[in-house]
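All remarks here apply to the structure that follows.
The values are calculated or read from the model by the stated rules, or taken from the named source; none is laboratory data. None of the values given here were measured: they were computed from a predicted structure. Positions of Cβ are backbone-derived with ideal geometry, glycine not excepted, and every protein chain shown enters the neighbour counts.
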């Protein structure tokens, strides 16, 4: 009988797992059937303090009330002292349904340097989705996949009960994350709840994370929200704006010469521009539904809506006129050919 020796070393070849094997007659690699198993990753450090979590949500509520826009903060962890802290780096204020740090802001480098000097390292992010539900957008995925740590989206920030979506990233791989494993409970519950059965513990944790307490937050966080210029001329900040449609000669210039009082209005006008580009392929009423959603998200007034309505009506009339003219030319051409 052939004696067989296998090693525990596995490797991949063309997507299949192989193990090294040696018999009295053969030596080499053979495929190995591996069981399907869900990949999980657990956090072994300390929990994010309940007070810090409430401060983060309170800050998000303030930014939404102040500018009806998203905001973000970084999580930092000190492995030696097992401490957590939130860092709000300089970021643009009034950006609507997006958030971005200001990479070249003079304060950012010093804040990051001070964090490292104090023994902390980045360990994740929090950001909110204004009044919308919490989910991980494509932009979130791209931004987070290179940042090891916990990433949390807070939704429905204008409501008493917030919506939450969480995930964990480690070495470029994303895992599911249960916030009960990351966020602590109020001090009076922290020692009692772990004694309860798992189903009760999970219910209590979910209740408290979705019902954060009203809290103060560091005033310095407010100074990291950087005002955009008060007015914006046209769409000059966006590439490709103002180009003519090669198909029909119409220009995607939106409201020529219009100056916008807020960055939200500027983004709103930019969306109109984008819908303009797609107008030949989608019904006007669907475009208006999208516009109404954005109006609601940015809390823009009826004047903006009327301006948008007039804009789309003029465009629609122009398209109908063009189509009617083309039809007339076809009829005229057909009659001429019939003669």
- Note on the structure: residue 77 vs (1) without any contact (Cβ under 8 Å) to a residue 40 or more places away in the chain; (2) more than 24 Å from residue 135 (Cα to Cα); (3) within 38 Å of the chain's Cα centre (by Cα): all pass except (1)
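Matching residues to (1) part of a helix (DSSP H, G or I); (2) touching a helix residue (DSSP H, G or I) at 6+ places or on another chain (Cβ under 7 Å); (3) assigned by TED's automatic domain parsing to the domain that holds residue 221:
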site	(1), (2), (3)
29	no, no, no
33	no, no, no
44	no, no, no
56	yes, no, yes
63	yes, no, yes
74	no, no, yes
80	no, no, yes
97	no, yes, yes
103	no, no, yes
- Message: Suppose we filter 200, 204, 157 for residues that are outside any strand (DSSP E or B) and at pLDDT 95 or above; which single one remains?
- Response: 157
- Message: Within region 184-195, take every residue that is in contact with a helix residue (DSSP H, G or I) (Cβ under 7 Å, 6 or more places away or on another chain) and assigned to a loop (DSSP other than H, G, I, E, B) and give me the one that is surrounded by the most Cβ atoms within 10 Å (Cβ to Cβ).
- Response: 185
- Note on the structure: residue 109 meets each of (1) without any contact (Cβ under 8 Å) to a residue 40 or more places away in the chain; (2) outside any loop (DSSP other than H, G, I, E, B); (3) touching a strand residue (DSSP E or B) at 6+ places or on another chain (Cβ under 9 Å) with one exception, condition (3)
- Item | Flag if residue 214 is under 28 Å from residue 74 (Cβ atoms) and at pLDDT 85 or above | yes
- Query: Any residue in region 134-148 that is farther than 27 Å from residue 46 by Cβ, assigned to a loop (DSSP other than H, G, I, E, B), within 14 Å of the chain's Cα centre (by Cα) and touching a residue at least 24 places away in the same chain (Cβ under 8 Å)?
  - Reply: yes
